[in-house]
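Engineer: One structure follows; several queries about it will come next.
The values are calculated or read from the model by the stated rules, or taken from the named source; none is laboratory data. Treat the numbers as computed from the prediction; the structure is a model and nothing was measured. Reconstructed Cβ throughout: ideal geometry from the backbone, glycine too, with neighbour counts over all protein chains shown.
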Amino acid sequence: MRRDVRTVVMMIVFAALTAVAAVLGWWNEKRVEGVARAIDGDSLILDGEEYRLKGVDAPEYGQTCDKDGKAWRCGETARIVLSRELARGPALCRSSERDKYGRRLAVCAIAGMDLNAYMVRSGAALAYGAYEREEAEARDARRGVWSSRFDRPQDWRAAHPVPHGPRPAPVPAPPPRPSP
């Protein structure tokens, strides 16, 4: 009997702590909306600050992939895909944490569309702790990097170490793609 009471009390305390943590996450969330520019396939500049798309890992800007025995610039392509989406309108990014380099980790949207999910679904980026369903869809349809042989970005970075320093300059947004 005493053990049952102790278990119930522990469950109530755990639920209360979970609720407090959720409220604090919401309280600390930063929401920024405006014109954003792509740095690479998973990073952007918004309101003068660098954001990294949370749950996403795109090929590095200098990374190449192999399609039918020919190298193609999959990292550069990822930045182009992100740039085109950012050109569609203002980005709304929500962030409550930072990565080890001090960049804000964010979930961003353009006109209500989850940009992080789009990058993975299009095959321009891979799932990195989230968006596994979108990655499976891209892989099954052989979109983007999934139409070629490639190293996962984290493996490519390990084989090509560079200190975190200057990044490619953000590109101006390209003209929006025509509507079908």
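Matching residues to (1) surrounded by fewer than 16 Cβ atoms within 10 Å (Cβ to Cβ); (2) farther than 16 Å from Leu53 by Cβ; (3) among the aromatic types (Phe, Trp, Tyr); (4) at pLDDT below 95:
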{"position": "Leu86", "(1), (2), (3), (4)": "no, no, no, no"}
{"position": "Arg104", "(1), (2), (3), (4)": "no, no, no, no"}
{"position": "Ala124", "(1), (2), (3), (4)": "no, no, no, no"}
{"position": "Glu134", "(1), (2), (3), (4)": "no, no, no, no"}
{"position": "Glu137", "(1), (2), (3), (4)": "no, yes, no, no"}
{"position": "Gly144", "(1), (2), (3), (4)": "no, no, no, no"}
{"position": "Ala159", "(1), (2), (3), (4)": "yes, yes, no, yes"}
{"position": "Pro172", "(1), (2), (3), (4)": "yes, yes, no, yes"}
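Engineer: Of (1) modelled with pLDDT under 95; (2) not in a helix (DSSP H, G or I), Arg31 satisfies all except one. Which?
Structural biologist: Every condition holds for Arg31 apart from (1).
Engineer: Sort through Arg73, Arg84 and tell me the only one that's free of Cβ contacts under 8 Å to residues at least 24 places away in the same chain and among the basic types (Lys, Arg).
Structural biologist: Numbers: Arg84 fails: free of Cβ contacts under 8 Å to residues at least 24 places away in the same chain.
On inspection, the qualifying residue turns out to be Arg73.
Engineer: Tally up the residues in the range 41-52 that are touching a Phe, Trp or Tyr at 6+ places or on another chain (Cβ under 9 Å) and either more than 17 Å from Ala138 (Cα to Cα) or of a type in the set (A, V, I, L, M) (or both), please.
Structural biologist: Adding up the residues that qualify gives 5.
Yes/no matrix, rows are residues, columns are (1) modelled with pLDDT of 75 or more; (2) closer than 17 Å to Leu86 by Cα; (3) touching a helix residue (DSSP H, G or I) at 6+ places or on another chain (Cβ under 7 Å):
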| site | (1), (2), (3) |
| --- | --- |
| Val13 | no, no, no |
| Val35 | yes, yes, no |
| Leu44 | yes, yes, yes |
| Gly62 | yes, no, yes |
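Engineer: Let me ask something else about it. Taking the condition of being under 20 Å from Ala130 (Cα atoms), surrounded by 21 or more Cβ atoms within 10 Å (Cβ to Cβ) and hydrophobic (A, V, I, L, M, F, W, C), how many residues in the range 41-84 meet it?
Structural biologist: Within the range 41-84, residues that are under 20 Å from Ala130 (Cα atoms), surrounded by 21 or more Cβ atoms within 10 Å (Cβ to Cβ) and hydrophobic (A, V, I, L, M, F, W, C) number 6.
Engineer: If Tyr51 passes every condition in (1) of a type in the set (Phe, Trp, Tyr); (2) at pLDDT 95 or above; (3) over 27 Å from Gly144 (Cβ atoms) but one, which one does it miss?
Structural biologist: (3)
Engineer: Taking the stated definitions as given, is Asp99 over 23 Å from Glu134 (Cα atoms) and either modelled with pLDDT of 80 or more or surrounded by fewer than 10 Cβ atoms within 10 Å (Cβ to Cβ) (or both)? So that I can check it myself, show each step before the final result.
Structural biologist: Values: over 23 Å from Glu134 (Cα atoms): no; either modelled with pLDDT of 80 or more or surrounded by fewer than 10 Cβ atoms within 10 Å (Cβ to Cβ) (or both): yes.
No; evaluated as a whole, the condition is false for this residue.
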